[in-house]
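Notes follow once the structure below has been shown.
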Amino acid sequence: MSDFLLELRSEEIPARMQAGARADLERLFRAEMAAAGVSPGAIRVWSTPRRLALIACDLPLATEAVSEEAKGPPEGAPDQAIDGFCRKNGVTRDQLELRDVKGRNTYFAVIEKPGRAVADVLAEAIPAIVRAFPWPKSMRWGAASLSTESLRWVRPLSGVVALLDSDVVECEVGGVASGRLTRGHRFHSSGDIVIAGVADYAATLREAHVIVDHEERQNLIREQAAKVASDAGLTLVADEGLVIENAGLTEWPQPLLGRFDEAFLDVPPEVIQLSARTNQKYFVCEDSAGKLANAFVCTANIASSDGGAAIVDGNRKVLAARLSDARFFWEQDRKTSLEDHAKKLERITFHEKLGTVADKVERVAKLARWLATEGIVKAEESTPQAKVQLGNWAFDAAMQCKADLVTEMVGEFPELQGLMGGYYARAEGLPDAVADAIRDHYKPVGQGDDVPTAPVTVAVSLADKLDTLVGFFQIDEKPTGSKDPFALRRAALGILRLILDNRLRVSMFDLIANAAHSGKSDDKGQDIASFLIERLKVQQRDANIRHDMIDAVITVEQRGDTVRMVNRTAALQSFMETEDGTNLLAGYKRAANILRKEGWEDTAERVARTGDEDPMENVDDPQMRAIYAQRGASGGLSYTPEAAEKALIDALDAAEPQAATAIEAEDFAAAMAALASLRAPIDRFFEEVTVNADEEIKRTTRLGLLARFRAAVHNVADFSRIEG
């Protein structure tokens, strides 16, 4: 067994591309080996800014000889077909064999493939891997770049190291021949470095000031950056993305602490952190009180003789220039009120069919006020005055929630939209509730984002997302397949999280109708509701709620109250996980199958519509009369029921009103308990009673009893939707 090393060296590989490149290199290598019948052992893939490296362990010295067969045309086929088959498989006619295939002689080619040296396999695989490499962006270079067929790489490819143990695997790709020579650190090493063998690779590069293992560099940056901050009495603000990026920018990382002018701390801390991170790839620090400190940690790529003093000073000057720009934006933006900034939103088109951002803001403000004044979003106090105040704050916050989009700061840092609006609102003395709503109205943005709970913020955030979702559905811009250009799925999930986390008791249809400013639900409203239900299934699946349980509840839950639906679904799933639930489902399905065979499919809905009316006087249908005949069985039946039959009638008489009362009170656990009382009676009924009795009156009445049982279950949940 042998180990193989492949290093592909080039100019700087962007840090953001390195993780994908490592995965692609391993994938392509495995594919080439599998095609040749080679099974490598462990594979390690590393990257630095200037190289991709792969080490594959336990490769065989040669592939095994194999014999392959190919089926050809039948005997008597045209010569042209037979000759073509021979050429395709590299054999002559004399080498073909005739075999019987379903009574007809058919030509077969037996192709013997001798074993090959793995070094030869690797020599062919390396150019194939390089040419097939799927860089997100790549380039051609040199004289060969005049042809579109020339080699493409992320940056000009300058070296290929290919070793099988200590022997060079000779190949050539794009004019670059393989060998054992590489280069070390750009500044700490000069000239070529010889890699004696695969086992020496990492150690040889380390001597040349290159840590080839990206994970080792990440650990070093993570630990040393925290240490230099701690040594100064500070705490590093953790940023794993920045750790990975700095590791992708350096081969010999050296974290260094620097300071900037305290006067810059007047700028919001998020601005400082974003400016340092985005523009300079610096970490920031906090003091013992948890406030942003006037310190940063940069990651140098060299170990300098002065301990990094010159590097820190240079980075401090660059950061100072960035922070000066940020402070200028902060001061300029505050010279104009948010209300005046908001007037500029008339110049920005939200969507050609939905108007400007100013138009959207007006819609959101009206909807936010409705949510607040109607008591959907609760004020901290329940007085009429509190509702009016909440509505006014929600309206004001919504009217200014997008104003920061036209500020200089958000123009420079779009990631700060909302956040800067909150700072500007607070700076000009707006109520904290309004400033907080402006700051947080985009939340929740993603699955892990916090859900607002402050009433004004909830009203504005919910209104904003509802307006987006309903608006785009109204102009038929719905998500299709994997395409969702307006992030409507995210908006729907945000709506659901706001409703559920804040326990907002409101009809989904009322929300849609008011967001559409129509006051009623139409076909598009039904489409939006269905879309929200599908998103609810996705969300609840993450909470381990089965989709069929949601379907079973939605069928009977007509109010469109999301909180009620989720509570009812959770109670149903808990019930179905019990023995009573499992057995009741089996009894339900048996009853439903009998009724379906007898043509009683829609009886449950008819029972539900009839309610408590007296069908004996108002309904001529014998099936409907049979369903209700069991009520007051001693006087309602024309025959004496069997004991098991009477027991089921009595159980239904007790369970139906109990379940109805519990559902109205939203005590869904009690409703399930009422259903559980039917489990033993329905089991006994099937054991002791003949449904399809010879007497017509008994058969019809007993079918009616099963229909009544099914209707009682359906009043709690549609068990036909439950799997299992």
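Computed from the coordinates by the stated procedures, all read-outs in this text should not be read as laboratory data. Not measured: the values here are computed from a predicted model. Every residue, glycine as well, gets a Cβ built from its backbone with ideal geometry; the counts of neighbours run over all protein chains shown.
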Next on the checklist: Can you give me the long-range amide H partners of S158? Hydrogens built in the peptide plane at 1.01 Å from N, cutoff under 5 Å, separation of 5 or more residues or another chain.
Outcome noted: R9, S10, E11
Checklist outcome for this item: Too long for a 30 Å Cα-Cα cut-off, among K378/K465; K589/K698; K335/K443; K343/K465; K378/K478; K335/K366, are K378/K478
Checklist entry - Could you give the nm distance between label points at R699 and H188, where each point is 7 Å from its Cα heading toward the beta carbon? => result 9.3 nm
Next on the checklist: Placing unit charges on C-beta atoms (Lys and Arg positive, Asp and Glu negative, everything else neutral), compute the dipole magnitude of the chain about its Cα centre in debye, rounded to 20.
Outcome noted: 1280 debye
Checklist outcome for this item: Mean projected area, convex hull of alpha-carbon positions in the range 340-543, reported to one decimal in nm², is 11.5 nm²
Item to check | Over the range 428-568, relative contact order from alpha-carbon pairs under 8 Å, at least 6 apart, % | outcome: 22 percent
Checklist outcome for this item: One point scatterer per Cα, no solvent, Debye formula: log10 I(q)/I(0) for the chain at q = 0.05, 0.09, 0.11, 0.12 Å⁻¹ comes out as -0.48, -1.03, -1.13, -1.20
Checklist entry - Considering only DSSP beta bridges whose two residues both sit in the range 78-206, what percent are antiparallel, to the nearest 5? => result 85 percent
Checklist entry - So for K478, K597, fewest C-beta neighbours within 10 Å to most, what's the order? => result K597, K478
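S304 to E262: FRET efficiency via 1/(1 + (r/R0)^6), r the Cβ-Cβ distance, R0 25 Å, to the nearest 0.05?
The pair S304/E262 has a calculated efficiency of 0.40.
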Next on the checklist: Is the C-alpha gyration tensor of the range 73-213 telling us rounded, prolate or oblate? Criteria: a/c under 1.5 is rounded; beyond that, a/b larger than b/c is prolate, otherwise oblate.
Outcome noted: prolate
Item to check | Per-selection metrics, the range 357-465 (Cα): Rg and Dmax in Å | outcome: 13.2, 44
Next on the checklist: Could you tell me the extents of the range 287-393's C-alpha atoms along the three principal axes, largest first, rounded to whole Å?
Outcome noted: 71, 40, 27
Checklist entry - Quick one: if you take sqrt(5λ) for each eigenvalue of the C-alpha gyration tensor of the range 67-113, what semi-axes come out, biggest first, whole angstrom? => result 16, 13, 7
Checklist entry - Near I193, within a Cβ-to-Cβ distance under 14 Å, what is the net charge of the other residues, with Lys and Arg +1 and Asp and Glu -1? => result +2
Item to check | Potential lengthening between R206 and E428 on full extension [0.36 nm per residue; Cα-Cα distance subtracted] | outcome: 74.3 nm
Checklist entry - Taking Cα pairs under 8 Å and at least six residues apart, what relative contact order does the range 534-578 come out at, in percent? => result 35 percent
Checklist outcome for this item: The percentage of Cα-Cα pairs in the range 215-333 separated by more than 21 Å is 34 percent
Checklist entry - Where in the chain are the DSSP H helices whose alpha-carbon span along the long axis reaches 18 Å or more and whose Kyte-Doolittle mean is at least 0.5? => result 118-132, 455-474, 488-501
Checklist entry - Which order results if F473, F709, F531 are arranged by neighbouring Cβ count within 10 Å, fewest first? => result F531, F473, F709
Checklist outcome for this item: Farthest towards the positive end of the dipole of the range 340-543, among V470, Y442, V357 and with Cβ unit charges of +1 on Lys and Arg and -1 on Asp and Glu, lies the Cα of V470
Checklist entry - If you stretched the chain out fully between S337 and S150, how much longer would it get, using 0.36 nm times the residue separation minus the C-alpha to C-alpha distance? => result 61.6 nm
Item to check | Unit charges on C-beta of K, R, D, E only; dipole of the range 67-113, Debye | outcome: 160 debye
Item to check | Over the chain, relative contact order from alpha-carbon pairs under 8 Å, at least 6 apart, % | outcome: 7 percent
Next on the checklist: If I take R0 = 22 Å and measure r between the Cβ atoms of S158 and A23 in this structure, what FRET efficiency does the formula 1/(1 + (r/R0)^6) give, to the nearest 0.05?
Outcome noted: 0.45
Next on the checklist: Which of L61, L205 has the fewest other C-beta atoms within 10 Å, and how do the rest follow up to the most?
Outcome noted: L61, L205
Checklist outcome for this item: If N is the residue count of the range 10-82, its Cα Rg over 2.2 N^0.38 Å rounds to 1.83
Next on the checklist: Students often forget the sequence filter, so: which lysines lie under 28 Å Cα-Cα from K102 once same-chain residues fewer than 8 apart are removed?
Outcome noted: K71, K88
Checklist entry - If you add up the charges near E374, with Lys and Arg at +1 and Asp and Glu at -1, over every other residue whose beta carbon is less than 13 angstrom from its beta carbon, what do you get? => result +4
